[in-house]
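Take a look at this one; I'll ask things after.
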Amino acid sequence: MNILGIETSCDETAAAVVKDGVEVLANVVYTQIPLHQPYGGVVPEIASRAHIEKISEVVGTALGQFAA
């Protein structure tokens, strides 16, 4: 069974496809570090907007890697 996992931390958005809970078939991580560096730490408003803006792209890329 293939499973799509989606994860967001304070400054990263990620998606992966895993087969049978063992084999990673695709893994994509978008980091927001460059967005937050000018402020010296994570800015929640910037982080939440970046998650919204990137989640579709990250999931789509992971599914594309899996399908390839």
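The values are calculated or read from the model by the stated rules, or taken from the named source; none is laboratory data. What you are looking at is a predicted structure, and each value in this text was computed from that prediction instead of being measured. Don't worry about glycine lacking a Cβ; one is built from the backbone with ideal geometry, like all the others, and counts go over all protein chains shown.
Which residue out of TYR39, TYR30 is at pLDDT 95 or above and out of contact with any strand residue (DSSP E or B) (no Cβ under 9 Å at 6 or more places or on another chain)? Steps first, please.
Working: TYR30 fails: out of contact with any strand residue (DSSP E or B) (no Cβ under 9 Å at 6 or more places or on another chain).
Step by step, each of TYR39, TYR30 is checked, and only TYR39 is at pLDDT 95 or above and out of contact with any strand residue (DSSP E or B) (no Cβ under 9 Å at 6 or more places or on another chain).
I've got another one for you. Scan the stretch 1-23 for residues that are surrounded by 11 or more Cβ atoms within 10 Å (Cβ to Cβ) and touching a strand residue (DSSP E or B) at 6+ places or on another chain (Cβ under 9 Å) and report the count.
Within the stretch 1-23, the first condition is being surrounded by 11 or more Cβ atoms within 10 Å (Cβ to Cβ), and the residues that meet it are 2-19.
Restricting the remaining residues to those that are touching a strand residue (DSSP E or B) at 6+ places or on another chain (Cβ under 9 Å) gives 2-8, 11-19.
Going through the stretch 1-23 one residue at a time, the tally reaches 16.
Next up: Going by the conditions given, is ALA62 in contact with a Cys (Cβ under 7 Å, 6 or more places away or on another chain), of a type in the set (Gly, Ala, Ser) and not in a strand (DSSP E or B)?
So ALA62 does not fit the description; no.
Taking ILE46 as meeting all but one of (1) within 18 Å of ALA68 (Cβ to Cβ); (2) without any contact (Cβ under 8 Å) to a residue 24 or more places away in the chain; (3) in a helix (DSSP H, G or I), write down the number of the exception.
Condition not satisfied by ILE46: (1).
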